[in-house]
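Values in this text are rule-based calculations from the coordinates and carry no lab data. Bear in mind the structure is a predicted one, so any value in this text is a computation, not a measurement. Note that each Cβ is placed from the backbone with ideal geometry, even for glycine, and that neighbours are counted across all protein chains shown.
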Amino acid sequence: MMMTEKKHDTELMNIFFQRILDEIDAGVHVVDGDGKTVIYNRKMAEIEDMKVEEVLDKSLREVFSFEHNEDSRLLEAVQKGIKIENAKQTYYNNQGQEITTINHTIPIVHNRARIGAMEIARDVTRLEKLIRENRHHREDARYTFDSIIGRSRQIADVIEASKRATRTSSSVLIIGDTGTGKELFAQSIHNGSDRAIRPFISQNCAAIPDSLIEGILFGTKKGAFTGAIERPGLFEQAEGGTILLDEINSLDISLQAKLLRVLQEKTVRRVGDTKDQNIDVRIIATINEDPIDAIASGRLRKDLYYRLGVVSLFIPPLRERQSDIPDLIHFFIEKYNDRFGMNVKNVDELVLQKLLQHEWPGNVRELEHIIEGAMNLIEYEDTITFHHLPIHYRHKLHMIENIEGQKKAATEEDSSLNSNLYNGHDVNRTKQDDGPSSALVNKTLNQYLEEAEYNFIKAALTQNQHNITKTALTLGMSRQNLQYRIKKHNL
């Protein structure tokens, strides 16, 4: 009876023990004196992307490999009795996948003999990769103003304003739709300034989780959190140069407040530290939406917008600079000729006509992808034809043509109906009853609204002798909102 109860208690304790191990939010790995795994919990299996059965009862050296001829810390603890706390190690699983963890490694001693070792691990693989990528912070800021393709008035005005911004260290906010080339302008400003020989660091604020980006931007102090080591952030790495914060509206609001402090105080404080460090870094930020909309929806702090927008640049979408499309096509053809070893010379007239008529929601980047896709379908020809265009784009054009055909047919039917009515069927009908004009039908809604806003603000400014305060009161908006739209429309 006693034996049965003891056996039952042991089984119950094993169930409790295994459940606790699997619920712990840290990897637990235990080896015996021969270096074979005897305990391996679920979290450790997740960190190392392994199955428990691939590791249990196997020697560590059978399953894992270590870089730079290092050995496993677990084996060092078994063989040398070394206790290691809060130490980083990078190694590889049986698929060659890189893993980086911060470990507490402890030898297990019984009756003065080392019978094994245990390791408690936290995963920092993703953080380590992000930091390593950001170490190449120079990023070969290779673009200059000569790299910007286009001769339209719209793009020439932005280039001229950007060149003026190279003379100072004021912060710059670059506003433009996705794919318009905002980073191209940021790099050009850096390379045109006296900071050109110093680092240029670019960080997309939408690409990194909020839990990691603070440490990456501002740096960390050893012991600030489990596994934290002394590490400079991107602001310190960019000392004397420029940092580009792409998609600033994706940065958490609490971090925007810390960024505002950096801008105002010209100091940065590492996570977990109590001391500020002076920095000399120019900040350029980009946003892919109207800043006023971002502020209204709580994605951008108003005070940060004012501080960043000392110089505001508005990059026009491609649909507003269609005269630049032929030059851009030629540039991308030459680019992919060099890359693919081809000799394409041009696009045929039909393709050019279609490209000029397209609305370009993806802007310059979309045009580049279309040219690259077309050149992947060319065999020996030296001209891109309609059938070389990517199939999804051809389908889109056919859909647009069908819609335009339906519009045209509806307009003709409406005109015919109006003619009949005026010929005596409805003599009381006036001109105000007519449907939409052909001028309206031939514009997108965005184009119509942009034009209406331009004309409305221009008329209000004229009426108020270009007095900003009076005009803002007339239009029922703030001075800042009106000034933003004046810059946007180049009024």
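Brief remarks on what is shown
- Close Lys-Lys pairs in segment 196-325, where close means Cα under 18 Å and separation is 8 or more or interchain: 7
- Altogether, the Stokes-Einstein calculation at 4 °C and 1.567 mPa s, with the Kirkwood radius of segment 60-110 over Cα pairs as Rh, returns a diffusion coefficient of 112 µm²/s.
- Summary of packing: across the peptides 51-60, 246-255, the per-residue average of other C-beta atoms within 10 Å ranks them, highest first, as 246-255, 51-60.
- Ratio of the Cα radius of gyration of segment 442-491 to 2.2 N^0.38 Å, where N counts its residues: 1.15
- Residues T462, T267 in ascending order of nearby Cβ atoms (within 10 Å, fewest first): T462, T267.
- Among beta bridges identified by DSSP and lying wholly in segment 130-316, the antiparallel ones come to about 20 percent.
- Rh by Kirkwood over Cα pairs, then Stokes-Einstein D for segment 321-394 at 1.306 mPa s and 10 °C, µm²/s: 130 µm²/s
- Residues H466, H110 in ascending order of nearby Cβ atoms (within 10 Å, fewest first): H110, H466.
- Per residue, the convex hull spanned by the alpha carbons of segment 149-197 comes to 81 Å³.
- Here each label is just a point 7 Å from Cα along the line to Cβ, and for M13 and V52 those points are 2.0 nm apart.
- Segment 191-276: proportion of alpha-carbon pairs further apart than 22 angstrom, %: 26 percent
- Relative contact order %, segment 226-294, counting alpha carbon pairs below 8 Å whose residues are six or more apart: 45 percent
- Using only alpha carbons, segment 269-380 has a radius of gyration to Kirkwood radius ratio (Rg to Rh) of 1.18.
- Once the Cα gyration tensor of segment 130-316 is diagonalised, semi-axes √(5λ) in Å: 28, 18, 14
- Footprinting exposure proxy ranking of Y336, Y306, Y40, fewest other C-beta atoms within 10 angstrom first, gives Y306, Y336, Y40.
- Hull volume per residue, based on the alpha-carbon atoms of segment 22-123 and their convex hull, is 92 Å³.
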